[in-house]
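**Student:** My questions will all concern the structure given below.
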Amino acid sequence: MTSPLEKLAIAFAGLMFGFVVIVTFAPMLVTLGLSIFPLQGGRPDFSAPSLAAYQALGNQRDLIEAVVNSIFVGLAATIISAVLAVLTGLYLDKAYAIGRTFLQTIIYLPFVMPPIITGLALLLFLSGLNIDRSLVTVVIGHVVLVEAITFRLVSTRLGNLPLSLYEASADLGASGWQTFRHVILPQLLAPLVVGMMLSFTISFDETLLTLFLSGSNTTLPVRLLGKMRVGFTPDINALVVLVIGSTIVIALLAAAIMRKNAMRF
Amino acid sequence: MMNPVSRISLFVLVALVPSVFVLLPTIAFVANSFFAVENGQIVPTFTLSNYAAFLQQPEYWGVFVNTLGLCLQVSIICLVFGLPVAWFIWRLPERNRYPMLFVVILPLFMSYVVKLFAFRSILGLNGFLNQLLVASHLIDKPQMAFLFSRDAIVLTQASMFFPYMVLPIFLNLERIPHSLTQASSDLGASAGMTFREVVLPLTMPGVVAGLVFVFIMSLGDYITPQMVGGMMGHTFGRVVWSQFGVTFNWPLGASFGVVLVLVCAALVGAVGMTSRQQRI
Amino acid sequence: MDALPEHMNIMAAPEPAVAESLGGQGHLELDQVSKSYGHEHALLPTSFQVRNGEFVTILGPSGSGKTTILRLIGGFTQTSSGRILVDGKDITRLPPNRRPCNTVFQDYALFPHKSAAGNVGYGLMVRKVAKAEALRRVDEALQLVGLETMGQKFPSQLSGGQQQRVALARSLVCQPRVLLLDEPLSALDADMRRQMQQFLKRVQREIQTTFVFVTHDQEEAISLSDRIVVMSKGKVEQIASPYEIYYRPETHFVATFLGDNNLMDGTVRDGGGVDLPIGPVACATDGRGKGEKVYAAIRPERIGLARTIEAGKTGIECSVAEIGFAGAMTTVRVRPNSMPDLSLLVKVTSGRWIEDLTAGASVFATFDPADISVFSRTAP
């Protein structure tokens with residue numbers, strides 16, 4: 001039974017929950033508001049909501065170009081890191097694997113180091129090799145950053161697969177490749193999809209690392225950062241709302257898949 | 001069974017990318033922190049002068065200590081709100097738990113830069129907070145003090161990194177078997193005593209992990225202080241950044257970076273210790 | 001089939017038509033097969049043969065090497081020495097996917113992303129069997145295990161017993177010469193376990209495939225097998241029919257591992273018979289020499305109790321130490337008056353006279369010397 005004191009505690013914690021949700025969602029609401037209500041003398045005019053800003057999106061050519069860049073970087077980083085993560089996961093799942101701790105350390109390192117350090121170290125390294133900053137260097141940075149996520153999900157799944165599943169497949173006549181194709185890969189599908197979705201959303205929003213690694217042609221967050229001093233116009237807010245909206249849809253999908261497959265980090 | 005040659009080539013295949021783009025840069029970075037700068041050129045020698053400079057000049061270590069204080073403040077605010085919120089979600093009926101957790105996590109997927117901009121428009125002179133307070137007659141005229149202050153940094157970072165506090169605490173609570181709380185009340189403990197004697201101690205690894213996550217995020221974030229802190233935003237991250245961007249003293253910046261990483265490593269090590277002590 | 005429990009004979013389930021395409025009889029031979037990990041011997045050199053269509057159980061406690069044998073036959077573990085032959089063909093070095101044996105795993109190892117039919121058809125798919133034929137054979141196999149309506153269900157939607165049947169069908173559809181079963185019933189509750197025992201036995205009789213079954217459950221071994229291989233500490237203790245294993249143990253381990261037994265130290269007498277603490281007994285000694293140290297074993301249910309003794313019959317005068325009523329049978333612990341340190345366990349059919357029996361009562365213990373089995377006290 002719940003005692004009165006406990007009920008009070010729950011009510012209090014519930015209030016805190018509500019307060020926190022308001023504060024953390026406030027930026028999104030502000031942005032949404034500023035995209036709908038035109039500014040009149042520095043104040044939003046709440047009496048005349050309009051979607052005009054959304055129709056004027058085409059004016060922000062450089063931002064749209066940045067969105068395309070971000071999508072390119074996100075997809076490239078996600079796909080490359082996913083392939084690496086699966087290969088590494090499969091390799092480390094074998095009894096004969098060498099350098100287990102070494103591999104895990106260098107994969108997780110960029111995820112636990114502050115991004116400013118990962119970014120500066122890569123910047124220093126690439127300039128030492130006389131490699132110019134471009135979208136390619138951004139992709140490299142994002143690959144090493146997000147590989148940890150898919151690797152973690154894939155290797156957790158592999159570790160939970162009973163050895164008898166591999167043995168049963170071989171026992172029933174399957175070759176090594178057939179076992180991978182028909183038994184292991186289907187098992188990895190869910191963690192792979194979730195890992196790639198999370199990787200994409202992280203890459204899409206990455207700012208701290210990208211700032212060091214990108215040249216003049218850059219991704220959306222860095223381009224937006226440059227616009228902050230002058231302030232966001234309603235059409236920038238409109239674009240941002242659309243971008244965040246799609247990111248949230250991806251996050252929702254990933255969460256739904258994780259829940260359905262009882263996945264954990 | 002595989003022969004040694006293919007085993008090693010497989011290892012090289014999977015280790016190549018992280019070795020070249022994580023390990024080598026990190027080694028180069030650490031090596032740089034021991035180099036010297038003469039006439040604007042980096043000289044690859046071995047010197048501790050960069051570290052000595054950090055310790056000797058108050059403008060460096062002073063900012064560092066100040067920044068640690070700021071990060072601690074952010075972490076503690078997150079904990080004060082995060083623990084009750086995580087506990088509240090945990091006490092919800094099972095089918096509501098994960099959706100509600102998701103609501104708390106969701107802001108992570110909202111653009112970092114947009115959050116910064118939004119906080120600027122909320123806290124600014126013409127911002128929503130001022131308008132709200134003036135409209136409700138709590139203050140006479142808009143206050144400049146909200147934006148470009150230390151408090152603005154703390155508030156913005158706390159709200160941005162809050163999910164990193166709730167997530168580990170909640171996952172830790174989830175791991176406490178119901179039989180333990182039931183046994184506690186069976187043995188005569190009140191709800192409060194059960195929380196204090198059973199739930200809270202078993203949640204400590206999650207609490208420590210959350211504190212460290214938030215602390216490291218805050219320590220590594222060099223953009224927020226600048227954007228919402230103004231003059232107060234001269235944090236250690238900015239100091240590191242300016243060695244690379246402004247003064248072009250890379251070895252000095254690298255040594256600062258190493259100091260930063262060592263602090264983070266010590267903290268991550270602490271998390272490892274606490275979570276190993278208490279396995280449920 | 002002496003030791004088959006009663007219920008095996010009154011099985012009412014209709015037997016399905018013999019499925020021609022399932023299973024085949026294979027002759028299995030282990031020739032000095034051993035397995036060691038460094039200096040740890042998981043299995044000492046072992047040889048035995050399993051005949052075509054035989055149901056052989058490997059019985060032993062955990063760590064006895066029974067699962068090792070199965071994994072060696074299945075090909076999941078490499079032998080350290082010796083050869084494994086199926087139908088005279090050496091398969092010792094073949095990988096699991098090219099061996100004519102299939103395994104039913106302890107945890108079933110069903111593929112969670114495939115339906116029951118998908119699981120059963122797996123072996124046919126990887127062998128690229130034509131679709132129409134594969135479908136027919138999957139249907140047949142599901143029919144054999146009584147799951148013809150469950151083909152589209154996923155493992156998570158099936159009960160433990162049903163998963164077990166899918167695993168069995170999945171192996172049988174590959175037409176193994178030898179079917180290996182690794183403690184397949186250990187995850188089931190007692191009721192389901194008994195049902196599945198009957199079911200396994202019926203299927204085996206049906207398709208006549210050679211079964212090698214591993215278990216640590218003695219009752220299961222006794223009720224299912226044609227022959228039992230008893231193992232302990234990586235070594236075969238005895239290979240014989242369930243009846244012989246139970247009533248004619250050849251080692252101390254076998255005599256004590258299966259059920260209750262009375263064990264006494266003895267010495268072989270000149271001209272036959274054994275000297276036991278309770279006196280000389282004229283039992284068979286299998287040509288052992290005079291003075292050889294032996295154990296003599298007699299099962300509790302082969303000892304009778306009587307209040308009085310008829311003239312001309314011999315009995316040992318004892319006093320009752322303990323009475324344990326267990327339904328149909330009653331267990332009585334008695335101590336011979338001549339040897340109060342010795343205690344004999346007796347199992348008798350419960351009867352009205354048992355009700356009057358109290359601790360301290362005087363009774364006669366009677367037995368037939370032919371029921372005593374004698375084996376060497378030094379390990380062979």
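The values are calculated or read from the model by the stated rules, or taken from the named source; none is laboratory data. Given the structure is predicted, the values throughout are model-derived calculations rather than measurements. Every residue, glycine as well, gets a Cβ built from its backbone with ideal geometry; the counts of neighbours run over all protein chains shown. Side chains included, ligands, DNA and RNA excluded: accessible areas come from the protein's heavy atoms. Shrake-Rupley method; radii C 1.70, N 1.55, O 1.52, S 1.80 Å.
**Student:** Identify all residues within the stretch A:76-115 that are modelled with pLDDT of 90 or more, of a type in the set (Val, Ile, Thr) and either open to solvent by less than 10 Å² (accessible area, probe 1.4 Å) or under 26 Å from B:Ala265 (Cα atoms) (or both); write none if there are none.
**Tutor:** Of everything in the stretch A:76-115, those that are modelled with pLDDT of 90 or more, of a type in the set (Val, Ile, Thr) and either open to solvent by less than 10 Å² (accessible area, probe 1.4 Å) or under 26 Å from B:Ala265 (Cα atoms) (or both) turn out to be A:Thr78, A:Thr88, A:Thr101, A:Thr105, A:Ile106, A:Ile107.
**Student:** Residues in the stretch B:229-246: is at least one aromatic (Phe, Trp, Tyr), assigned to a helix (DSSP H, G or I) and either open to solvent by 60 Å² or more (accessible area, probe 1.4 Å) or without any contact (Cβ under 8 Å) to a residue 60 or more places away in the chain (or both)?
**Tutor:** Looking for residues that are aromatic (Phe, Trp, Tyr), assigned to a helix (DSSP H, G or I) and either open to solvent by 60 Å² or more (accessible area, probe 1.4 Å) or without any contact (Cβ under 8 Å) to a residue 60 or more places away in the chain (or both), one finds at least one in the stretch B:229-246, hence yes.
**Student:** Let me ask another. Quick check: anything in the stretch A:177-194 more than 10 Å from every other protein chain (Cβ to nearest Cβ), open to solvent by 20 Å² or more (accessible area, probe 1.4 Å) and within 25 Å of B:Gly220 (Cα to Cα)?
**Tutor:** No, that holds for no residue.
**Student:** With the checklist (1) β-branched (Val, Ile, Thr); (2) open to solvent by 50 Å² or more (accessible area, probe 1.4 Å); (3) touching a strand residue (DSSP E or B) at 6+ places or on another chain (Cβ under 7 Å) in hand, flag the one item C:Thr314 doesn't pass.
**Tutor:** Condition not satisfied by C:Thr314: (3).
**Student:** It is to be established whether one or more residues within the stretch A:206-214 are of a type outside the set (Val, Ile, Thr), assigned to a helix (DSSP H, G or I), away from chain C (no Cβ under 14 Å) and open to solvent by 10 Å² or more (accessible area, probe 1.4 Å).
**Tutor:** Scanning the stretch A:206-214, I find at least one residue that is of a type outside the set (Val, Ile, Thr), assigned to a helix (DSSP H, G or I), away from chain C (no Cβ under 14 Å) and open to solvent by 10 Å² or more (accessible area, probe 1.4 Å), so the answer is yes.
**Student:** Of the residues C:Ala321, C:Ala284, C:Ala255, which is among the aliphatic types (A, V, I, L, M), touching a residue at least 12 places away in the same chain (Cβ under 8 Å) and part of a helix (DSSP H, G or I)?
**Tutor:** Only one candidate qualifies: C:Ala255.
**Student:** Could you count how many residues in the stretch C:268-281 are open to solvent by less than 40 Å² (accessible area, probe 1.4 Å) and either in contact (Cβ under 8 Å) with a residue 40 or more places away in the chain or in contact with a strand residue (DSSP E or B) (Cβ under 9 Å, 6 or more places away or on another chain) (or both)?
**Tutor:** Residues meeting the conditions: 7.
**Student:** Related question: Does A:Ala13 fit the bill of being over 23 Å from B:Leu123 (Cα atoms), open to solvent by less than 50 Å² (accessible area, probe 1.4 Å) and either at the interface with another protein chain (Cβ under 10 Å from one of its Cβ atoms) or assigned to a strand (DSSP E or B) (or both)?
**Tutor:** In short, yes.
**Student:** Residues of the stretch A:157-166 being over 18 Å from A:Glu147 (Cα atoms) and open to solvent by 20 Å² or more (accessible area, probe 1.4 Å), which ones?
**Tutor:** A:Asn160, A:Pro162, A:Leu163, A:Tyr166 - these are the residues of the stretch A:157-166 that are over 18 Å from A:Glu147 (Cα atoms) and open to solvent by 20 Å² or more (accessible area, probe 1.4 Å).
**Student:** Looking only at the stretch A:26-33, decide whether some residue is in a helix (DSSP H, G or I), in contact with a Pro (Cβ under 8 Å, 6 or more places away or on another chain), more than 7 Å from every other protein chain (Cβ to nearest Cβ) and under 14 Å from A:Phe232 (Cβ atoms).
**Tutor:** Yes, because at least one residue in the stretch A:26-33 is in a helix (DSSP H, G or I), in contact with a Pro (Cβ under 8 Å, 6 or more places away or on another chain), more than 7 Å from every other protein chain (Cβ to nearest Cβ) and under 14 Å from A:Phe232 (Cβ atoms).
**Student:** Only one of these conditions is not met by C:Ile84: (1) more than 10 Å from chain A (Cβ to nearest Cβ); (2) open to solvent by less than 10 Å² (accessible area, probe 1.4 Å); (3) within 30 Å of A:Pro186 (Cα to Cα). Which number is it?
**Tutor:** Checking C:Ile84 against (1) more than 10 Å from chain A (Cβ to nearest Cβ); (2) open to solvent by less than 10 Å² (accessible area, probe 1.4 Å); (3) within 30 Å of A:Pro186 (Cα to Cα), the one that fails is (3).
**Student:** Could I ask something else about it? Could you check B:Trp61 against (1) within 11 Å of chain A (Cβ to nearest Cβ); (2) under 30 Å from B:Leu262 (Cα atoms); (3) among the aromatic types (Phe, Trp, Tyr) and say which number it fails?
**Tutor:** The number of the failed condition is (1).
**Student:** Okay, moving on. Output the residues belonging to the stretch B:89-115 that are more than 7 Å from every other protein chain (Cβ to nearest Cβ) and not β-branched (Val, Ile, Thr).
**Tutor:** B:Trp90, B:Leu92, B:Pro93, B:Glu94, B:Arg95, B:Asn96, B:Arg97, B:Pro99, B:Met100, B:Leu101, B:Leu108
**Student:** Considering (1) over 15 Å from A:Gln104 (Cα atoms); (2) open to solvent by less than 40 Å² (accessible area, probe 1.4 Å); (3) not hydroxyl-bearing (Ser, Thr, Tyr), say which one A:Leu129 fails and leave the rest.
**Tutor:** The one condition A:Leu129 does not meet is (2).
**Student:** Okay, moving on. Condition test on A:Thr118, is it among the polar types (S, T, N, Q) and touching a residue at least 24 places away in the same chain (Cβ under 8 Å)?
**Tutor:** Details: among the polar types (S, T, N, Q): yes; touching a residue at least 24 places away in the same chain (Cβ under 8 Å): yes.
For A:Thr118, the condition - among the polar types (S, T, N, Q) and touching a residue at least 24 places away in the same chain (Cβ under 8 Å) - is met.
**Student:** While we're on this one: Quick one: which residue in C:Val320, C:Val346, C:Val332 is farther than 23 Å from C:Val294 by Cα, in contact with a helix residue (DSSP H, G or I) (Cβ under 9 Å, 6 or more places away or on another chain) and open to solvent by less than 30 Å² (accessible area, probe 1.4 Å)?
**Tutor:** Going through C:Val320, C:Val346, C:Val332 in turn, the sole match is C:Val332.
**Student:** Oh, and also: What's the number of the only condition in (1) more than 10 Å from chain A (Cβ to nearest Cβ); (2) in contact (Cβ under 8 Å) with a residue 40 or more places away in the chain; (3) open to solvent by 40 Å² or more (accessible area, probe 1.4 Å) that B:Leu262 fails to meet?
**Tutor:** If we test B:Leu262 against (1) more than 10 Å from chain A (Cβ to nearest Cβ); (2) in contact (Cβ under 8 Å) with a residue 40 or more places away in the chain; (3) open to solvent by 40 Å² or more (accessible area, probe 1.4 Å), just (2) comes out false.
**Student:** Got at least one residue in the stretch C:355-368 being among the hydroxyl-bearing types (Ser, Thr, Tyr), open to solvent by 20 Å² or more (accessible area, probe 1.4 Å) and either under 25 Å from C:Gln218 (Cα atoms) or within 27 Å of the chain's Cα centre (by Cα) (or both)?
**Tutor:** no
**Student:** Okay, next question. Which condition does C:Pro155 not pass, out of (1) within 14 Å of chain A (Cβ to nearest Cβ); (2) surrounded by fewer than 17 Cβ atoms within 10 Å (Cβ to Cβ), if it passes all the others?
**Tutor:** (2)
**Student:** If you scan the stretch A:81-114, which residues turn out to be free of Cβ contacts under 8 Å to residues at least 24 places away in the same chain, more than 9 Å from chain B (Cβ to nearest Cβ) and more than 26 Å from B:Met217 (Cα to Cα)?
**Tutor:** Result: A:Val83, A:Ala95, A:Arg100.
**Student:** Sticking with this one: Say whether the condition of being away from chain C (no Cβ under 14 Å), buried (at least 16 other Cβ atoms within 10 Å of the Cβ) and in contact with a Pro (Cβ under 8 Å, 6 or more places away or on another chain) is met by at least one residue in the stretch A:235-256.
**Tutor:** no
**Student:** While we're here: So in the stretch A:159-190, with the set limited to residues that are small (Gly, Ala, Ser) and farther than 15 Å from C:Pro96 by Cα, which one is modelled with the highest pLDDT?
**Tutor:** A:Gly159
**Student:** Let me ask something additional. Looking at C:Gln175, C:Gln195, can you tell me which residue is open to solvent by 60 Å² or more (accessible area, probe 1.4 Å), over 22 Å from A:Pro162 (Cβ atoms) and under 20 Å from the mean Cα position of the chain (by Cα)?
**Tutor:** Only one candidate qualifies: C:Gln195.
**Student:** Take A:Ala174 and tell me if it is at the interface with chain C (Cβ under 10 Å from one of its Cβ atoms), open to solvent by less than 40 Å² (accessible area, probe 1.4 Å), in contact with a His (Cβ under 8 Å, 6 or more places away or on another chain) and over 30 Å from A:Ala256 (Cα atoms).
**Tutor:** Yes.
**Student:** Quick one: which of B:Leu132, B:Leu155 is assigned to a helix (DSSP H, G or I), free of Cβ contacts under 8 Å to residues at least 12 places away in the same chain and either open to solvent by less than 60 Å² (accessible area, probe 1.4 Å) or of a type in the set (A, V, I, L, M, F, W, C) (or both)?
**Tutor:** Exactly one of B:Leu132, B:Leu155 is assigned to a helix (DSSP H, G or I), free of Cβ contacts under 8 Å to residues at least 12 places away in the same chain and either open to solvent by less than 60 Å² (accessible area, probe 1.4 Å) or of a type in the set (A, V, I, L, M, F, W, C) (or both), namely B:Leu132.
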